[in-house]
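One structure is given here, and the rest of the page talks about it.
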Amino acid sequence: MAEAPAGAHPAAAANGDAPYAVELRGITKRFPGVVANRDIELRVRRGEVHAIVGENGAGKSTLMKTLYGMHRPDEGTILLDGRETTLRSPADAIAAGIGMVHQHFMLADYFTVLESIVLGSEPTSGGRLDRAEARRRIREIFSRYALNLDPDVLVEDLGVGDRQRVEIAKVLYRGATTLILDEPTAVLVPQEVDELFGNLAELKREGLTVIFISHKLDEVRKVADSITVIRRGTTVGSADPRTTTARQLAEMMVGSELPSPQTRTSTVRETPVLELRGVTVASLTGRPAVDGATLTVREGEVVGIAGVEGNGQAELVDAIMGLRPLAGGTISLGGDDISAWSTRSRREAGVGFIPEDRHRQGMLLDAPLWENRILGHQTRPPAVKGVFIDRSGARTDTERIMREYDVRAPGVDALAVALSGGNQQKLIVGREMSSGPRLLIAAHPTRGVDVGAQAAIWELLKDARAEGMGILLISADLDELIGLSDTLQVMLRGRLVAELDPASLTPEELGGHMTGAHDGSGSAA
């Protein structure tokens, strides 16, 4: 890490006498049996985008939660603009000008977008919420930062991408001068990423500071002014994005080269596993959320679905899993019409499911790992013996999954909430693969995981494909879609509008199809 020049104020930035916007000195944070952060050093200049990279479980989130007042450090000092500061709560951090957009959002489903943004900072008139003033300020933020949200929509009706935009708007509404963004591009297509980076450049011009946490190393190199690398809870170095390659950053993070999803050896067989014919799913607005979707997934084939968040992908997945009723069309599994089957029946017939939001759909966070192992599979061995739950069998199989899928945790009784995002995801992938499905619905299978976990999941999907599993892949990572898919479908406004060959496709071309730019249909918003 670069040191301040001799004779300068101890908290001064290296390029002048101005203090660092954020300086962390010797931060250590311990939990029972775990040292999450050890002697962390971090210096962030005012008006820069500073990236923090590291594996899942490296301690990035713990460090940022400490900076946001959610944890108290056991050792070390926090300085904001050169002043030593004690942050006892997020309220203290917000008052100090720090805002955080978490990777897993903290929103109330039954609030509107407007209510979610102003919650805790409501403008009032006569002791009541001044909705007109709130709407004016929110629309100004939406317009200025191109967030493209309807303030009157319920949060429960929003996709993951729009939920993230609500969180960003909430931070800006509170007047943060230092923004912590945790995986902010995870759900964006390339064009939207460019727009976000333009917004960050505007924030910089206005003197705001951004701490940018990401696993997408090429994006980090593009947007960041400086980079700090954390490994196993401690700072291992800093990097200049202008002179450091993504490969070098990966080696600093995990000691290995960048993985690639690329697979071009065809394993596609003739036998259909999943067939959708004219599948239509209704929405609350009256316009179909899914409108006449027709596709086939064969044995040994990965069919990718690309689309901007909110164009019907989530509803299509729900329909296939039996979580939403069909308004029209049929769904067949191995030649059997399963359109009216329950979710449990579909699971027992061989459908595996990696959900897009592991916290809301894939795990019981306050339950131990062995209980999460049997979630969704509690009617079959090793979860049951006769009509009773087989705790011993479930625990033993959870230990196997932890070994084979490199799930790092103290043991099968550890609570799921204590695991890093990557380890949570590997447990879910291991659970679903272990059931031996003939069809796997993989919705954003590597969202929010580091390059090491991403590589492991890619290899598991490739191996399953080679063994004849049919995979329907929904992802916001366009390199992942292009690299893993045998066939690509584009979903726009609820319809499958294009079938593309990933072997001759660039991410930019795919992004154009996703937004309607290639067919003249305009924005997907």
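The values are calculated or read from the model by the stated rules, or taken from the named source; none is laboratory data. The model shown is predicted, which means the values in this text are computed figures rather than measured ones. A quick note on method: Cβ atoms are made from the backbone with ideal geometry, for glycine too, and the neighbour counts reach across all protein chains shown.
A quick yes/no check of all residues on (1) modelled with pLDDT under 95; (2) buried (at least 22 other Cβ atoms within 10 Å of the Cβ); (3) not in a loop (DSSP other than H, G, I, E, B):
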residue: GLY286; (1), (2), (3): yes, no, no
residue: LEU326; (1), (2), (3): no, no, no
residue: GLY329; (1), (2), (3): no, no, yes
residue: TRP341; (1), (2), (3): no, no, no
Subset of the range 409-426, residues surrounded by fewer than 17 Cβ atoms within 10 Å (Cβ to Cβ) and out of contact with any strand residue (DSSP E or B) (no Cβ under 7 Å at 6 or more places or on another chain), comes to PRO410, GLY411, VAL417
Can you spot a residue in the range 375-392 that is buried (at least 22 other Cβ atoms within 10 Å of the Cβ) and assigned to a helix (DSSP H, G or I)?
-> no
Condition met for LEU369 (of a type in the set (A, V, I, L, M), buried (at least 23 other Cβ atoms within 10 Å of the Cβ) and either on the phi < 0 side of the Ramachandran plot or touching an Asp or Glu at 6+ places or on another chain (Cβ under 8 Å) (or both)) | yes
Hey, does the range 394-402 have a residue that's loosely packed, with under 13 Cβ neighbours inside 10 Å, in contact (Cβ under 8 Å) with a residue 12 or more places away in the chain and out of contact with any His (no Cβ under 7 Å at 6 or more places or on another chain)?
-> no
Residue check, GLU23 modelled with pLDDT of 80 or more, of a type in the set (Asp, Glu), outside the structural domain of GLY452 (by TED's automatic domain parsing) and surrounded by fewer than 16 Cβ atoms within 10 Å (Cβ to Cβ) = no
Inside the range 66-86, can you point out the residues that are modelled with pLDDT of 95 or more, of a type in the set (A, V, I, L, M, F, W, C) and either touching a Ser or Thr at 6+ places or on another chain (Cβ under 6 Å) or not in a strand (DSSP E or B) (or both)?
-> LEU67, ILE78
Within the range 172-186, count every residue that is under 13 Å from LEU147 (Cβ atoms) and modelled with pLDDT under 85.
-> 1
Subset of the range 477-502, residues at pLDDT 90 or above and of a type in the set (A, V, I, L, M, F, W, C), comes to LEU481, ILE482, LEU484, LEU488, VAL490, MET491, LEU492, LEU496, VAL497, ALA498, LEU500
Would you say THR487 is surrounded by 20 or more Cβ atoms within 10 Å (Cβ to Cβ), assigned by TED's automatic domain parsing to the domain that holds THR280 and of a type in the set (Ser, Thr, Tyr)?
-> no
Within the range 354-366, is there a residue that is of a type outside the set (S, T, N, Q) and farther than 27 Å from HIS102 by Cβ?
-> no
Picked from the range 345-363 (must be among the small types (Gly, Ala, Ser) and touching a Pro at 6+ places or on another chain (Cβ under 6 Å)), the residue farthest from MET469 (Cα to Cα) is GLY362
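Listed here are the residues, each with its yes/no results for (1) under 30 Å from THR62 (Cβ atoms); (2) in contact (Cβ under 8 Å) with a residue 40 or more places away in the chain; (3) of a type in the set (Gly, Ala, Ser).
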residue	(1), (2), (3)
ALA95	yes, no, yes
ILE98	yes, yes, no
MET106	yes, yes, no
TYR110	no, yes, no
LEU129	no, no, no
ALA134	no, no, yes
ARG139	no, no, no
PHE142	no, no, no
ASN148	no, yes, no
When ALA93 is run through (1) of a type outside the set (Val, Ile, Thr); (2) closer than 18 Å to GLU41 by Cβ; (3) not in a loop (DSSP other than H, G, I, E, B), the failure sits at (2)
ILE331 being free of Cβ contacts under 8 Å to residues at least 60 places away in the same chain, within 25 Å of ALA282 (Cβ to Cβ) and touching an Asp or Glu at 6+ places or on another chain (Cβ under 9 Å) | yes
Looking only at the range 140-187, which residues are touching a strand residue (DSSP E or B) at 6+ places or on another chain (Cβ under 9 Å), of a type in the set (Val, Ile, Thr) and not in a loop (DSSP other than H, G, I, E, B)?
-> VAL155, ILE168, VAL171, THR178, ILE180
Of the residues that sit in the range 53-88 and are more than 22 Å from the chain's Cα centre (by Cα) and within 30 Å of GLU356 (Cα to Cα), which one is surrounded by the fewest Cβ atoms within 10 Å (Cβ to Cβ)?
-> HIS71
Which one of these is modelled with pLDDT of 95 or more and either outside the structural domain of ALA293 (by TED's automatic domain parsing) or surrounded by fewer than 24 Cβ atoms within 10 Å (Cβ to Cβ) (or both): ARG438, ARG447?
-> ARG438
